[in-house]
Each structure stands twice: as structure tokens, then as C-alpha cells.
Amino acid sequence: PLSGHTPCMTGFLTEDGVFYIADSVCGDVALEKYRVFYLHDVEGYLRTLEVLEHTQADWFVPSHAPATRDIRPLVQRNRDVIAQIADLLCEICKQPRLFDELLAEVFARYSLKMDMTQYALVGSAVHAYLAYLMAQGRIAPAADGPRLVWKSAK
């Protein structure tokens with residue numbers, strides 16, 4: 001199991017030491033281009049990165065990055081991006097924000113182009129980050145009259 005990017009994603013380790021890891025890491029080109037890549041479950045994704053880091057294989061074959069003998073540097077770059085995005089969301093939410101305000105700020109900070117596809121993908125990822133940060137006690141939802149806002153808890 002290599003969930004996080006999507007639910008129920010799996011990898012396959014062959015008898016000859018090749019680990020096909022699907023979309024379990026985001027390659028450097030995609031990290032730079034998309035900045036906030038699609039995640040279904042941030043905590044699950046971080047667990048998957050742990051699995052990758054500790055699995056012995058001769059080759060790792062991701063879907064969106066070159067095959068490599070050492071996946072650890074790419075795993076660390078993915079972790080770093082997750083931490084940066086989480087910190088950014090906490091910073092943005094120092095002032096209570098409606099979800100669309102928060103999302104617009106993420107698009108602005110990373111110079112992302114808004115279209116319906118990116119709204120859906122990045123918006124879903126930001127929801128996953130909010131759930132992760134809420135579970136960590138770093139962000140909390142609050143009622144602002146009839147509206148739900150997000151605010152930093154620390």
C-alpha cells in the first residue's frame with residue numbers, strides 16, 4: 001500500500017529488486033511546475049514516504065520521475081514541499097480566512113494559473129492539508145456568522 005496521493009494506491013516490488021511506486025512521489029519537474037500537487041491524505045502520504053525511504057530495492061520506478069537507485073533525496077524533497085505548504089497555510093490563516101480566500105492566496109503565492117482543473121485539484125489538496133493541520137492542532141475551523149473560516153490555532 002502506498003496511499004496518500006490517492007486512496008488505495010499500491011506499489012509492486014519484483015523479485016529482482018525493482019520497486020514500481022506509481023504516483024507515490026512527485027518528481028522535481030512536477031514539484032516545480034505544480035507546487036501544490038494533488039494529495040488525498042497528507043498523513044497517509046507522509047507514511048508512504050517513510051515506507052519508500054526504508055524499503056530496500058535496487059531500483060525505484062515512479063510514474064512521474066526518472067527511475068533511481070536511491071529514492072531518499074526525492075522523498076526528502078517531497079517532505080520539504082509538504083512542510084512548506086503546511087507552514088504557508090498556517091501563515092495565511094493567522095487572519096481567519098474563508099476557504100476560497102485561502103485558496104486564492106495559495107494561487108497568488110505560488111503564481112499558479114487558476115482554471116477549473118487546477119481549482120479542483122489544488123482545492124482538494126488544500127482541503128487535505130486543512131484536515132491534516134486540524135488533526136495536528138495547528139489550524140482550526142470557526143464559525144463567522146453563517147460562514148466557516150479557517151484560522152491558525154497557534
In region 14-154 the DSSP beta bridges are antiparallel at a rate, in percent to nearest 5, of 70
With +1 on the Cβ of every Lys and Arg and -1 on the Cβ of every Asp and Glu, the dipole magnitude of region 11-154 about its Cα centre, in debye rounded to the nearest 20, is 600
In the list [x] 60, 30, 23; [y] 68, 33, 30; [z] 45, 35, 30, the entry giving Cα extents along the principal axes in Å computed from the coordinates is [x]
Contact order relative to length for region 17-154, counting C-alpha pairs under 8 Å separated by 6 or more residues, stands in percent at 28
For region 42-107, using Cα atoms only, the Rg and Dmax in Å read 15.7, 48
In nm, the gap between the two label points placed 7 Å beyond Cα toward Cβ at residue 134 and residue 38 is 2.2
Around residue 25 (Cβ within 11 Å, Cβ-to-Cβ, excluding residue 25; K/R +1, D/E -1) the net charge comes to 0
Heavy-atom accessible area per residue of region 80-135, all protein chains kept, 1.4 Å probe, expressed in Å², is 51
Charge tally for neighbours of residue 88 with beta carbon under 9 Å away, counting Lys, Arg as +1 and Asp, Glu as -1, is -2
Nearest 10, in degrees from 0 to 90: the angle of helix 42-54 to the longest Cα principal axis of the chain is 20
Stretched fully, the stretch from residue 87 through residue 127 gains (0.36 nm per residue minus C-alpha distance, one decimal, in nm) 12.9 nm
Net charge (Lys, Arg +1; Asp, Glu -1) of residues whose beta-carbon lies under 11 Å from that of residue 109, residue 109 excluded, is -1
Note: residue 105 to residue 76 extended length (0.36 nm per residue) minus current alpha-carbon separation gives 7.9 nm
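The values are calculated or read from the model by the stated rules, or taken from the named source; none is laboratory data. Please read these numbers as outputs of a predicted model, since none were measured by experiment. Methodologically, a virtual Cβ is constructed for each residue, glycine included, from the backbone with ideal geometry; neighbour enumeration extends over all protein chains shown. Side chains included, ligands, DNA and RNA excluded: accessible areas come from the protein's heavy atoms. Shrake-Rupley method; radii C 1.70, N 1.55, O 1.52, S 1.80 Å.
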